[in-house]
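The values are calculated or read from the model by the stated rules, or taken from the named source; none is laboratory data. What you see is a predicted model, and the numbers here were worked out from it, not measured in a lab. Methodologically, a virtual Cβ is constructed for each residue, glycine included, from the backbone with ideal geometry; neighbour enumeration extends over all protein chains shown. Ligands, DNA and RNA are stripped out before the accessible areas are found, and what is left, the full protein with its side chains, is counted by its heavy atoms. Shrake-Rupley method; radii C 1.70, N 1.55, O 1.52, S 1.80 Å.
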Amino acid sequence: MQLNHYNSNFKKQKHPITVLCDNVTNAPNIGSLFRIADAFGIEKLIFCGSDISLGKRMTKTSRSTEKYVNHRVENDIETQINILKANNYYLLALEISENSQALTAFKLQTKQPIALILGDENFGVSETILKQVDAAVHINMFGNNSSMNVVQATSIALYEITKQLNS
């Protein structure tokens, strides 16, 4: 018999993770981020930008998870980063950069709550933000492309982070 959410033995739990999104505006991506936030039991999802829409196109993909995932929409990511820093969050950017390390080699060595920072769908995490984070991780790429969809990348990163938190 196929497992579903009625007959599975998955243990519900919350992880001390906030996903902070900078200018993620594509409605299907926003909806999918709600689903992945629910799947990994993160504490909060924050969308930053002036063009964020949580309308019908988003709810088609979210499958109602926006109703119970703690979330909010803010204009300015810099303000949110300052708030997270003031609340002792470990800031972790998901971005390929000169100083990023492969997610497969990254060892989470903190007891602080974590803020996983996702960049703009077209331009990634900005240099300004990268200068403020505690660490940056990337997913090794083996094909011709040097990036992947923000939702798929977030899924991979949250899998690894929650695996480390639960071990």
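A few remarks follow.
- Looking at V133, V137, just one residue is outside any loop (DSSP other than H, G, I, E, B) and either among the hydrophobic types (A, V, I, L, M, F, W, C) or closer than 19 Å to N26 by Cβ (or both), and that residue is V137.
- Some residue of segment 107-122 being open to solvent by less than 40 Å² (accessible area, probe 1.4 Å), over 15 Å from L33 (Cβ atoms) and among the hydroxyl-bearing types (S, T, Y): yes
- Being of a type outside the set (D, E) and without any contact (Cβ under 8 Å) to a residue 12 or more places away in the chain is a property that does not hold for S97.
- Of note, A105 satisfies the criterion of being farther than 21 Å from L45 by Cβ and more than 12 Å from the chain's Cα centre (by Cα).
- Where helices (runs of 4 or more DSSP H) fall wholly inside segment 1-100, the ranges with 3 or more residues that are open to solvent by less than 30 Å² (accessible area, probe 1.4 Å) and either at pLDDT below 95 or not β-branched (V, I, T) (or both) are 27-39.
- In this structure, T154 qualifies as in a helix (DSSP H, G or I) and within 17 Å of F40 (Cα to Cα).
- Test: N70 is closer than 24 Å to K14 by Cβ and touching a strand residue (DSSP E or B) at 6+ places or on another chain (Cβ under 9 Å): yes
- Evaluating I77 against the criteria (1) under 17 Å from the mean Cα position of the chain (by Cα); (2) among the β-branched types (V, I, T); (3) under 28 Å from S167 (Cα atoms) leaves one unmet condition, (3).
- Filter result for V133 (crowded, with 20+ Cβ neighbours inside 10 Å, under 12 Å from the mean Cα position of the chain (by Cα) and either of a type in the set (K, R) or over 26 Å from K11 (Cα atoms) (or both)): no
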